[in-house]
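Note sheet for the following structure.
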Amino acid sequence: MEIFAHADTWVALLTLTFLEIILGIDNIIFISISANKLPENQVRKATLLGLALAMITRILLLFSVSYLISLKEPFLVISNSWFKTALTGQSIILFLGGLFLLYKSTKEIREKVEHTNEDEVIKSPKIISFTNVIFQIILIDIVFSFDSILTAVGMTNGINGALIIMVIAVVISIIIMMIFSKPISSFVNNNPTIQMLALSFLILIGFMLITEGAHLSHTEIFNKTVGAIPKGYLYFAIAFSLGVEMLNLRIRKK
């Protein structure tokens, strides 16, 4: 495919796969909590099935969100002395998605700083029915898929073959989580700075989605047009920060 002949495609794919894995850690934790209510011989089966359902949910949401983002015709024009904008379905999705990521990221950071215990989030009586547990896992997957999909859209918006890149990243990340679900969960839980770094990336992506939405709706504030943030800046910031964190991990091990 021609899109894989460009360096931007591979950078976006690798970065997005990494973020998908990090974002999926909480999903793994909640799936594990639900699966552990089953008899021991069904726990692994429920965990793998839950991750497979998460992959299907994310791919379906990717197609639906990508369709909404394709709506580029303005449906509402606002114009006054200091503010002008022409709202489209694309700009609204990006703007609301950016706000959601900002809210989600800052909320998660606040909870982690305050040492919120995630194990207390889901507390219910022992569930024996496999069907009930799978239904609960499906609901969990839907909730946790939103920030994953919005991150994918923010990272690949404007890149040729964006939908293909997003689907591949989701599939790769879910397969990796299926194979290494226990080690991945242990690694991230033992290195909370990795989670904090990923949440900080989400804040950057949230701001980028908001500015991108404003740019696509040709927003002007005090006669100044809102410009889009070049994705190269974002990729460099993420790669540089991740590189520094890897060095920190090596130093802490020594």
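The values are calculated or read from the model by the stated rules, or taken from the named source; none is laboratory data. Remember, predicted model here, so these are calculated numbers, not experimental data. With ideal geometry, Cβ positions are generated from the backbone for all residues, glycine too; neighbour counts draw on all protein chains shown.
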* To do: Give Phe236, Phe201 a once-over and let me know the one that is at pLDDT 75 or above, aromatic (Phe, Trp, Tyr) and in contact with a Leu (Cβ under 7 Å, 6 or more places away or on another chain).
  => Phe201
* **Test result for Leu71, surrounded by 14 or more Cβ atoms within 10 Å (Cβ to Cβ), at pLDDT 75 or above and either touching a helix residue (DSSP H, G or I) at 6+ places or on another chain (Cβ under 9 Å) or not aliphatic (A, V, I, L, M) (or both)** => no
* To do: Considering every residue within region 166-179, establish whether at least one is modelled with pLDDT under 80 and small (Gly, Ala, Ser).
  => no
* Given the residues Ile210, Ile184, Ile194, which is the only one that is surrounded by 12 or more Cβ atoms within 10 Å (Cβ to Cβ), modelled with pLDDT of 80 or more, part of a helix (DSSP H, G or I) and within 18 Å of the chain's Cα centre (by Cα)? -> Ile210
* Asked: Considering only residues of region 235-254 that are charged (D, E, K, R) and in a helix (DSSP H, G or I), which is nearest to the chain's Cα centre (by Cα)?
  -> Glu245
* Based on what the data block shows, is Gly158 modelled with pLDDT under 75, surrounded by 14 or more Cβ atoms within 10 Å (Cβ to Cβ) and among the small types (Gly, Ala, Ser)? -> no
* Residue tally, condition without any contact (Cβ under 8 Å) to a residue 40 or more places away in the chain, within 20 Å of Ala162 (Cα to Cα) and among the aromatic types (Phe, Trp, Tyr), over region 228-245 -> 2
